[in-house]
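In what follows, a structure is listed as structure tokens, so that the remarks can point back to it.
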Amino acid sequence: MSPRVSGKRPTLADVANRAGTSTAVVSYVLNNGPRPVSEALRAKVISAIDELNYRPDLRARALRRPRRWRQIGLLVPDLTLPLFGEFVGRLEVEARARDHLTLIGNTGYDAERELEFATAFAEVGIDGLVVIGAANAPHTAKLCRQERIPVVWMHNVRGDVAAEIVGVNHSRAGELVARHLADEHDCTDIAFVGGFTEADVHHGDRETVEQRFAGVSSVAGSRIPLVRTDLTPGGAYAAVSTFLREGDQVPRGFVVGTYGQTSAVVRAIVDAGLDVPGDVRVVGFDGPANDYAQLRLTAAQQPVDAIVRRALGLLLDDGASGDDLEPSLRVGDTCGC
């Protein structure tokens, strides 16, 4: 179901007229009581709701409640990752400014757990759902349609949904870091670190990594070496160490598909007796700016505030942000600048 409604919103009376019954009966169906409704009449009401794409007016419902706060469900794949933690922090602040509290479910990229959280949130009575990095998008979308819950998707999804994915173009982010290596450092001899098949990655953001790899390949060529990993730091360290030990030639640069692997890649390069960035340049994606680290990572960055404003604008029907969602480059030391 689209999170936005254009034109005149259908009312309870519209549903009642379409079903040939009273608004009270429609209310009983929507609220499962307090009075019983026959199955035949219930079917007519549900059919009318579907035909009109009716959903309750959240603002009118809030006025009838004896409490100030409304509730948003927020599903996130891994709260330990800096990017997702930043998204959650900004969403909480922006939602609270709109008198909404957030219920958070940490899915771990587990499809069943994602659906369990969405079901539990629906039973609690959330007014909307934000899903970051969905692992089970089609089934979660189906549940939201059935429960009449507006839903907005952020960052990326696994599976197809007929809705906007609020986030940057990850392929463009890949182009950005590869173009920096090529244009600023005359470095096109690069390898990409990351995995994006189901065999590589069971629980991880493989869709985003694949899109980033496509962007890098569009600049450096489709035949660039791919160092496959499971997207964990340990997996990245082992894979890069093996690549450097067994390879015929050391590449002049590495593009690392996720922030969580970058430190492990740098460590593997150093442990192989090479210098960063003297011998090998490293660029990546996302992550906090750390001016006091021994080496500051050069990385493509997402406009977190703008993404959050766009998502909540869509969800709450209060106007989508017109902010630019293009990735930007944060230049550090690891590229050689």
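The values are calculated or read from the model by the stated rules, or taken from the named source; none is laboratory data. A quick note: this is a predicted structure, and the numbers were derived from the prediction, not measured. Every residue, glycine as well, gets a Cβ built from its backbone with ideal geometry; the counts of neighbours run over all protein chains shown. Note: areas computed on protein heavy atoms with side chains; ligands, DNA, RNA excluded. Shrake-Rupley method; radii C 1.70, N 1.55, O 1.52, S 1.80 Å.
In contact with a Pro (Cβ under 8 Å, 6 or more places away or on another chain), not in a loop (DSSP other than H, G, I, E, B) and not basic (Lys, Arg): which single residue out of Ile104, Ile132 fits that description?
Ile132
Among the numbered conditions (1) in contact with a helix residue (DSSP H, G or I) (Cβ under 6 Å, 6 or more places away or on another chain); (2) outside the structural domain of Gly174 (by the TED database); (3) open to solvent by 10 Å² or more (accessible area, probe 1.4 Å), tell me where Leu312 comes up short.
(3)
Only one of Glu175, Glu184, Glu246, Glu164 is touching a strand residue (DSSP E or B) at 6+ places or on another chain (Cβ under 8 Å), on the phi < 0 side of the Ramachandran plot and open to solvent by 30 Å² or more (accessible area, probe 1.4 Å); which?
Glu164
For the stretch 75-87, what are the residues that are surrounded by 15 or more Cβ atoms within 10 Å (Cβ to Cβ) and not aliphatic (A, V, I, L, M)?
Pro77, Asp78, Phe84, Glu86, Phe87
(1) under 19 Å from Val168 (Cα atoms); (2) modelled with pLDDT under 95; (3) surrounded by fewer than 20 Cβ atoms within 10 Å (Cβ to Cβ): which one isn't true of Arg90, the others all being true?
Exception for Arg90: condition (2).
Looking at the stretch 43-54, I want the residues that are part of a helix (DSSP H, G or I) and have a partner that is among the basic types (Lys, Arg) with Cβ atoms under 7 Å, at least 6 apart or on another chain. Which pairs are those?
Ala48/Arg18; Glu51/Arg18; Leu52/Arg18
Restricting the stretch 28-39 to residues that are open to solvent by less than 70 Å² (accessible area, probe 1.4 Å) and of a type outside the set (Ser, Thr, Tyr), which is nearest to the chain's Cα centre (by Cα)?
Selected residue: Leu30.
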